Each structure stands twice: as structure tokens, then as C-alpha cells.
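The values are calculated or read from the model by the stated rules, or taken from the named source; none is laboratory data. Predicted, not measured: the structure shown is a model, and the values here were computed from it. Note that each Cβ is placed from the backbone with ideal geometry, even for glycine, and that neighbours are counted across all protein chains shown. What goes into the accessible areas is simple: the full protein's heavy atoms, side chains included, and nothing from ligands, DNA or RNA. Shrake-Rupley method; radii C 1.70, N 1.55, O 1.52, S 1.80 Å.
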Amino acid sequence: MPGILLGDQFPNFDADTTVGRINFYDFLGDSWGILFSHPKDFTPVCTTELAFAASISDKFTMRKVKMIALSVDSVEDHNVWIKDVMALNNSSAALPFPIIADSGRKLATLLGMMDPDETDREGNPVTARCVFVIGPDKKLKLSCLYPATTGRNFDELLRVIDSLQLTAQKKVATPVHWRPGDKVMVLPNIADDEVTKLFPNGVSTKEVPSRKKYLRYTQL
Ligand code: BEZ
């Protein structure tokens, strides 16, 4: 993905949104953040994505993650579309997170969110389905980029955030399909003699043909 790399300082910016003009860093405060773009308001997959994201927004809040969306539409369009999005949840409540209006495509271009293969009905380029997770230190912790034709899995994003927040605190990594409460893996760069003090619940090592002792599991 072009642009910002993992570990880079995420750029600060000012933007017009459905809750007024914001400064991104002020909006984030000392929380985690998830900034996600969609191609266009009033399109089917985008509507399902934002409706689902709205329906689980309390789960992001519980994890101290501020949500914010972005597309190349105007604030006026966002405000009309939001009612459709919430109607999909049979709700007339406000969308629980702001949407950035980037009709000039300046921010989307800066952040590498544009999809070269996708245009709107007028032939104007639109944003891909880009996701950035930003840590409280304002560094990029995760990015992913889906094409317009593939909707994202916001439950998976919550799972990823659980892993990011855990591995920011402990010297572990989370294995395939990990869920909170499952065993985790000791980081490969931790020497065996450090393991006992770091993981008082013990570490089990899976024997493998190579005899290398790298599959080290622990329960936190
Ligand atoms: C959609 O949200 O359904 C969509 C938007 C742009 C291109 C393809 C699909």
C-alpha cells in the first residue's frame, strides 16, 4: 500500500466532517483511532458496511478506539445518506461516528486511499476501502486496502484491534484465528531464559521435526 507505512507517524490534518470541522489529532486525543474510507455515499456495499460499523460502535468505544469514516462526497450528501445507513439498522439515531467530506480528494490522495480502477457515475475517481488503525502515540499500527467491490469484515477489525492492544503491552504475538482469552505465542526474539520471568503461567513448546523450539505457547 503506498503512502504511510507501519510505524510511521500518522499525518495530522484539518477536515470538514458531519460533526463540523475537526483537527484529527484533537479528535483522537489520547485514544486509539480507526479511519476508514468508502468509495461513495448512496452505494450498496458502502451502506451495509457503515450500517454494520454503526451497530458495533459501542465495541470500539469499549476498546477506547475513536471511529471516523471518509469519502469523496460532501457533508450535505453524507448527512442525507446517513439516514439511509441508519435505516438499514431500523434506527433513526445519529451515526455514532463522523464522516469526513473529501470531495477535493486531497486527503484521500495524501493518505494513499484512491482506487485507480474505480470511478463514480460522472467518471470521477473514488476512494478504495482503506482502513488505518492509529495508536495513542499517533503511529500507524495497521493498514488494509480492499477494492470497492469487496466489503470489509468489521468484526475482524475488532479482533485485530484486540491483538494490537494486547501485543502493545505484552511480549507476545497472536496466532491464526486468535480470539481474546486464547493462548498466545511468545515472541521469537525472547530468549528461553527470559521466558519464566515474563510468563509466570508457564510456556509449552510444541516439538517439531526441525527440533527448533519456536512454537512457544502461553496463557496470559
Ligand atoms: C458499493 O458500495 O456497492 C460499491 C461502490 C463502488 C463500486 C462498487 C461497489
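Taking 19 Å as the straight-line reach from the Cα of Lys212, the aspartates and glutamates in range (excluding those fewer than 8 positions away in the same chain) are Asp192, Asp193, Glu194. In the complete set of protein chains, residue-level accessible area for Met86 is approximately 10 Å², probe 1.4 angstrom.
Sort region 80-165 into rounded, prolate or oblate with this rule: let a ≥ b ≥ c be the square roots of the eigenvalues of the Cα gyration tensor; rounded if a/c is under 1.5, and if a/c is not under 1.5, prolate when a/b is larger than b/c, oblate otherwise. Because a/c hits 1.5 or more and a/b fails to exceed b/c, region 80-165 counts as oblate. Solvent exposure of region 1-132, expressed per residue, is 47 Å² of accessible area, with all protein chains present and a 1.4 angstrom probe. Taking the Cα centre of region 1-44 as reference, the dipole from Cβ charges on Lys and Arg (+1) and Asp and Glu (-1) amounts to some 160 debye. Measuring between their Cα centroids, region 15-72 and region 84-105 lie 9 Å from each other. Take every pair of alpha-carbon atoms less than 8 Å apart whose residues are at least six positions apart; their mean separation over the length of region 1-85 yields a relative contact order of 32 percent. Pairs of alpha carbons in the chain separated by more than 27 Å make up 39% of all such pairs. Coupling constants for region 80-91 follow from the phi torsions by the Karplus curve (6.51 cos²θ - 1.76 cosθ + 1.60, θ = phi - 60°), and in residue order they are 6, 5, 3, 5, 5, 4, 6, 5, 5, 9, 6, 10 Hz; glycine and proline get x. According to the square roots a ≥ b ≥ c of the eigenvalues of the Cα gyration tensor, what is the shape class of region 170-218, taking rounded for a/c under 1.5, prolate for a/b larger than b/c otherwise, and oblate for the remainder? Verdict is oblate for region 170-218. As a length-normalised measure over Cα pairs under 8 Å and 6 or more apart, the relative contact order of region 106-220 settles at 14 percent. Within straight-line reach of Lys106, meaning a Cα separation under 24 Å, sit the following lysines at least 8 residues removed in sequence or on another chain: Lys40, Lys66, Lys138, Lys139, Lys141.
Rounded to the nearest 20, the size of the Cβ-charge dipole of the chain about its Cα centre is 1200 debye, with Lys and Arg at +1 and Asp and Glu at -1. When you restrict to C-alpha pairs under 8 Å that are six or more residues apart and normalise by the size of region 170-218, the relative contact order lands at 34 percent.
Prolate is the label for region 139-212, because the ratio a/c of its alpha-carbon gyration tensor axes (a ≥ b ≥ c) is 1.5 or higher and a/b is greater than b/c.
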